[in-house]
Amino acid sequence: MSDTLRAHLATFDRIRKPGAYAYERVSDHVGGVHGTHIVFGSLVHGDEVGSLPAVLRVIDELNHGTLKFGGRVTFFVGNPEAGLAGVRFLESDLNRVFVDSAADDHEGRRARQLRPILDDADVFIDLHQTIEETSNAFYIFPFGVEGWHWARAIAATPMWVTRSPEASFSAGACCADEYVRLRGKPGITIEVSQRGFGNGGEERAYKAIVDTLAIADAVAAGTTTLAAAAEARPEIAFLQTTHRELFTSDALALRPGLTNFQTVQEGDLLSAPGTPELRAPATGWVLFPKYPPRIDGVYKKPLPGEIYRIIGPLPGHPLDLYNLR
Ligand SMILES: [Zn+2]
């Protein structure tokens with residue numbers, strides 16, 4: 001993978017439009033017709049590389065005028081150094097450190113370089129991939145009315161793993177999309193496919209990008225409103241996390257073969273033979289099952305926070321559940 005990634009990064013460096021930002025893995029395109037500024041993130045987790053070919057294709061089409069956007073669109077490649085090393089991050093999870101207190105390590109410094117870009121975004125869309133196989137692409141971010149309108153209008157996927165906007169704070173940590181939401185702007189994360197090239201992420205990311213730009217142009221031109229563009233598409237299926245199993249010990253291990261959106265029944269055994277018993281506490285779908293690499297039988301540190309989640313349908317519309325009507 002790293003040879004392909006290296007080639008794609010070289011292409012990015014060659015075709016990118018340098019803009020006003022100091023960070024060098026940015027391409028910044030100004031259409032000059034209206035002021036809406038859309039920002040897309042790729043490789044915020046270094047090994048989630050699948051959206052990068054789509055970003056290159058869009059940059060190339062913008063450069064050649066075969067794709068037009070009247071506003072400003074900025075693409076950044078978040079953590080290519082981790083990507084080239086084949087890992088999620090080098091020193092700390094970049095998608096946790098958009099905070100003033102971030103350490104002076106690789107990802108802390110990168111977050112400081114990226115924050116001025118996020119500070120300018122009217123809409124931020126972060127393109128991620130799951131570790132294990134997934135039968136669905138999905139949005140994953142806390143609910144907000146404007147974010148909902150964008151997500152439904154773009155229709156990048158009909159599924160959204162969401163939660164109350166009030167539950168979005170975790171002390172001392174901040175994701176890129178959350179950083180934008182704290183500014184009062186929509187910050188949207190899409191898991192486009194399983195990680196890697198060729199798993200369907202490129203096609204989904206490309207469509208999400210061009211559809212977002214088309215909607216932003218149409219809204220700026222007054223031919224539609226964001227709410228009307230959303231209303232014109234089917235409602236999203238809202239899902240919520242019903243259980244998070246914390247990765248509390250080196251002894252824990254999932255049974256092989258669990259994938260995203262795999263159906264489990266309450267009581268199903270999810271742990272590997274000979275490891276502490278983990279049983280699904282509820283019926284639903286598995287999300288983010290983790291099989292961290294082991295060295296001499298011991299997990300590489302730091303352990304992920306959760307070993308798996310269970311998700312299920314949200315029992316109503318978020319507008320009602322979160323008292324937003
Ligand atoms: Zn990710």
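For region 211-225, give me the residue count where each residue is exposed (fewer than 15 other Cβ atoms within 10 Å of the Cβ) and closer than 19 Å to VAL55 by Cβ.
Residues flagged as exposed (fewer than 15 other Cβ atoms within 10 Å of the Cβ) and closer than 19 Å to VAL55 by Cβ within region 211-225 amount to 0.
Among the residues of region 55-62, is any away from the ligand (no atom under 15 Å from the Cβ) and without any contact (Cβ under 8 Å) to a residue 12 or more places away in the chain?
yes
Assuming ARG204 fulfils every condition listed in (1) surrounded by fewer than 24 Cβ atoms within 10 Å (Cβ to Cβ); (2) in contact with a strand residue (DSSP E or B) (Cβ under 8 Å, 6 or more places away or on another chain); (3) within 30 Å of ASP100 (Cα to Cα); (4) modelled with pLDDT of 95 or more apart from one, which condition is it?
Going through (1) surrounded by fewer than 24 Cβ atoms within 10 Å (Cβ to Cβ); (2) in contact with a strand residue (DSSP E or B) (Cβ under 8 Å, 6 or more places away or on another chain); (3) within 30 Å of ASP100 (Cα to Cα); (4) modelled with pLDDT of 95 or more one by one, ARG204 breaks only (3).
Could you list, in sequence order, all residues of region 63-87 that are within 13 Å of the ligand (Cβ to nearest atom) and either within 27 Å of VAL30 (Cβ to Cβ) or in contact with a Cys (Cβ under 6 Å, 6 or more places away or on another chain) (or both)?
Of everything in region 63-87, those that are within 13 Å of the ligand (Cβ to nearest atom) and either within 27 Å of VAL30 (Cβ to Cβ) or in contact with a Cys (Cβ under 6 Å, 6 or more places away or on another chain) (or both) turn out to be GLY78, ASN79.
Please go through region 311-325 and give me each residue that is surrounded by 10 or more Cβ atoms within 10 Å (Cβ to Cβ) and either without any contact (Cβ under 8 Å) to a residue 40 or more places away in the chain or within 19 Å of the chain's Cα centre (by Cα) (or both), ordered by number.
Matches in region 311-325: ILE311, GLY316, ASP320.
Just to be sure before I move on: is VAL39 assigned to a loop (DSSP other than H, G, I, E, B), of a type in the set (Val, Ile, Thr) and away from the ligand (no atom under 16 Å from the Cβ) in the structure I sent?
No, not satisfied.
Are any of the residues in region 89-108 hydroxyl-bearing (Ser, Thr, Tyr), in the same structural domain as ILE190 (by TED's automatic domain parsing) and within 21 Å of ILE154 (Cβ to Cβ)?
No; the residues of region 89-108 include none that is hydroxyl-bearing (Ser, Thr, Tyr), in the same structural domain as ILE190 (by TED's automatic domain parsing) and within 21 Å of ILE154 (Cβ to Cβ).
With respect to ALA228, determine if the residue is surrounded by fewer than 15 Cβ atoms within 10 Å (Cβ to Cβ) and assigned by TED's automatic domain parsing to the domain that holds ARG195. Step through it out loud before you land on a result.
Details: surrounded by fewer than 15 Cβ atoms within 10 Å (Cβ to Cβ): yes; assigned by TED's automatic domain parsing to the domain that holds ARG195: yes.
Answer is yes for this residue.
Here is a yes/no grid of residues against (1) on the phi > 0 side of the Ramachandran plot; (2) of a type in the set (S, T, N, Q); (3) assigned to a helix (DSSP H, G or I):
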position	(1), (2), (3)
ALA218	no, no, yes
THR224	no, yes, no
ARG233	no, no, no
ARG244	no, no, no
SER249	no, yes, no
GLU277	no, no, no
ALA282	no, no, no
TRP285	no, no, no
LYS301	no, no, no
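Please identify the pairs in which a residue from region 237-262 that is among the basic types (Lys, Arg) has its Cβ atom under 7 Å from the Cβ atom of a residue that is assigned to a loop (DSSP other than H, G, I, E, B) and surrounded by fewer than 17 Cβ atoms within 10 Å (Cβ to Cβ), counting only partners at least 6 apart or on another chain.
ARG255/ALA272
Within region 127-185, can you find the residues that are of a type in the set (Lys, Arg) and closer than 23 Å to VAL210 by Cα?
First, the residues of region 127-185 that are of a type in the set (Lys, Arg): 152, 163, 181, 183, 185.
Answer for region 127-185, where residues must be of a type in the set (Lys, Arg) and closer than 23 Å to VAL210 by Cα: ARG152, ARG181, LYS185.
Are any of the residues in region 234-243 over 28 Å from ARG96 (Cα atoms) and among the small types (Gly, Ala, Ser)?
no
The values are calculated or read from the model by the stated rules, or taken from the named source; none is laboratory data. For clarity, every value in this text was computed on a predicted model and none was experimentally measured. Glycine also receives a Cβ, built like all others from the backbone with ideal geometry; neighbour counts cover every protein chain displayed.
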